[in-house]
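Presented below is the structure to which this report refers.
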């Protein structure tokens, strides 16, 4: 009996947490004033959930400017999460169907690349379906 290691549990945990981290960096880089936390020089910590800038009452929950920018340039280009999975396509499709990561994938916040060695193909999820992008 073969043990199936790849499951919807791994998608729920790894992909969703990875996407939360990615989105925090993405939005803090794209518009730090609105989605980030501004300069950490003026921060006042609020209940371990965010910060205020100085004595303002707007709760900031993103990353401070110093965490995403150096001399006005972003440390990382803000992009959507690209993931690589080595597993049979049907296994990945079943796992995605039963996962909370499904909405992230369907809305293209996560772009999965599936390497199916048995089928000797590499797939990408684009426009609502898995398409072959390379034959091995």
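The numbers here are math on the coordinates, done by the rules we state, and not lab data. What you see is a predicted model, and the numbers here were worked out from it, not measured in a lab. Because the Cβ atoms are built from the backbone with ideal geometry, glycine has one as well, and the counts that use them run over all protein chains shown.
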Stretched out fully, how many nm does the piece from residue 108 to residue 80 gain, at 0.36 nm a residue minus the Cα gap?
9.3 nm
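So how much slack lies between residue 118 and residue 42, counting 0.36 nm per residue of separation and subtracting their Cα-Cα distance, in nm?
Details: separation 76, 0.36 × 76 = 27.36 nm, distance 5.52 nm.
Result for the pair: 21.8 nm of gain on full extension.
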Under the definition of Cα pairs under 8 Å and six or more residues apart, what whole-number percent is the relative contact order of segment 80-136?
34
Test of understanding: express the Cα radius of gyration of the chain as a ratio to 2.2 N^0.38 Å, with N the residue count.
1.33
Gain on full stretching of the segment that runs from residue 31 to residue 70 - 0.36 nm per residue minus C-alpha separation:
12.5 nm
Segment 52-136: antiparallel DSSP beta bridges as a percent of all, rounded to 5
65
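Once the convex hull of the alpha carbons of segment 53-116 is built, what does its volume come to per residue, in cubic angstrom?
Dividing the Cα hull volume of segment 53-116 by its residue count gives 123 Å³.
To the nearest 0.05, how large is the calculated FRET efficiency for residue 98 and residue 136 if R₀ is 35 Å and r is the Cβ-Cβ distance?
Numbers: r = 27 Å, r/R0 = 0.78.
Efficiency, from the Cβ-Cβ distance: 0.80.
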Alpha-carbon Debye profile of segment 23-77, log10 I(q)/I(0) at 0.17, 0.26, 0.27 Å⁻¹
-0.46, -0.97, -1.02
Could you identify which residue out of 13, 54, 62 has the top mean-square fluctuation in a GNM of the chain using Cα springs shorter than 10 Å?
54
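Using helices alone, I'd like the mean residue ellipticity at 222 nm for the chain: each DSSP H run of four-plus residues gives -39500 (n - 2.57), total over residue count, nearest 500.
-7000 deg cm²/dmol
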Here the relative contact order (percent) of the chain, from C-alpha pairs under 8 Å and at least 6 apart, is 22
